[in-house]
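Here is the structure we will look at.
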Amino acid sequence: MNDFWNKKFSTDEYIYGTKPNEFLKDQLSKLKPAKILFVGEGEGRNAVYAAKIGWQVDAIDSSDVAMNKALSLAVQNNVSINYQLADIQSYDFPENYYDAVGIIFLHVNENLGERDRLYQKLTASLKKNGTIIVELFSKNQLGKKSGGPQDVSMLCSIDQIKKSFSTLKHKLLKEENIYLSEGNSHVGEASVIRYVGVK
């Protein structure tokens with residue numbers, strides 16, 4: 001998968017654009033900036049935005065090509081982000097450390113238990129009253145051309161989110177049809193799951 005993402009990101013353009021995800025942007029506007037983690041952060045658009053509005057940002061991804069683009073974007077915007085190059089499945093996340101965690105279009109296979117394990121570790125990384133913000137493609141995204149994996153086991157559902165984050169207070173959980181305009185790789189009508197949970 002690392003080779004896949006390095007190849008995908010190996011272009012001068014930012015394939016998902018340089019502007020933050022709109023759902024994330026809206027949810028961050030409701031929180032006081034503190035420590036935030038972005039997993040599967042890719043080219044850095046969300047991490048850089050959070051840093052610009054005052055967050056202390058950690059980001060993690062397995063693609064060194066994406067990391068270099070993210071760090072370049074941070075320099076262009078005169079901000080600093082702490083970007084770690086690592087496998088998110090084996091990464092040792094600190095516990096009770098973050099005030100917020102962002103999971104934006106990071107799709108993990110549900111069949112191997114990888115998704116639940118990752119979400120449990122991310123929940124543990126939150127401080128008490130910490131917030132997790134999620135936007136993922138739903139299973140109804142299958143067949144749509146606006147982005148995301150065309151593998152139902154990589155897509156998500158409301159029931160799966162409820163199960164994976166069962167220990168959190170669900171502040172917002174819905175499936176929505178939206179129009180995506182994020183770079184050249186997320187464009188068009190899309191079906192997404194949007195979730196906000198609090199520890």
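The values are calculated or read from the model by the stated rules, or taken from the named source; none is laboratory data. Given the structure is predicted, the values throughout are model-derived calculations rather than measurements. Positions of Cβ are backbone-derived with ideal geometry, glycine not excepted, and every protein chain shown enters the neighbour counts.
If you go through region 82-98 one residue at a time, do you hit one that is modelled with pLDDT of 95 or more and closer than 19 Å to residue 195 by Cα? Yes, region 82-98 contains a residue that is modelled with pLDDT of 95 or more and closer than 19 Å to residue 195 by Cα. Among the numbered conditions (1) touching a residue at least 24 places away in the same chain (Cβ under 8 Å); (2) exposed (fewer than 15 other Cβ atoms within 10 Å of the Cβ); (3) touching a strand residue (DSSP E or B) at 6+ places or on another chain (Cβ under 6 Å), the only one that residue 174 does not meet is (1).
Of all residues in region 1-54, those that are among the polar types (S, T, N, Q) and either surrounded by 14 or more Cβ atoms within 10 Å (Cβ to Cβ) or not in a loop (DSSP other than H, G, I, E, B) (or both) total 6.
Might you let me know whether region 135-144 holds any residue that is under 24 Å from residue 9 (Cα atoms), crowded, with 18+ Cβ neighbours inside 10 Å and among the charged types (D, E, K, R)? So that I can check it myself, show each step before the final result.
At the first step, the residues of region 135-144 found to be under 24 Å from residue 9 (Cα atoms) are 135-138, 141-144.
This time we only want the ones that are crowded, with 18+ Cβ neighbours inside 10 Å, so: 135-138, 141.
Filter once more, so that each one left must be among the charged types (D, E, K, R): 135.
Yes, region 135-144 has at least one match.
Could you list, in sequence order, the residues of region 110-134 that are assigned to a loop (DSSP other than H, G, I, E, B) and surrounded by fewer than 13 Cβ atoms within 10 Å (Cβ to Cβ)?
111, 112, 113
Among the candidates 169, 121, the residue that is farther than 23 Å from residue 42 by Cα and either among the acidic types (Asp, Glu) or out of contact with any Ser or Thr (no Cβ under 8 Å at 6 or more places or on another chain) (or both) is uniquely 169.
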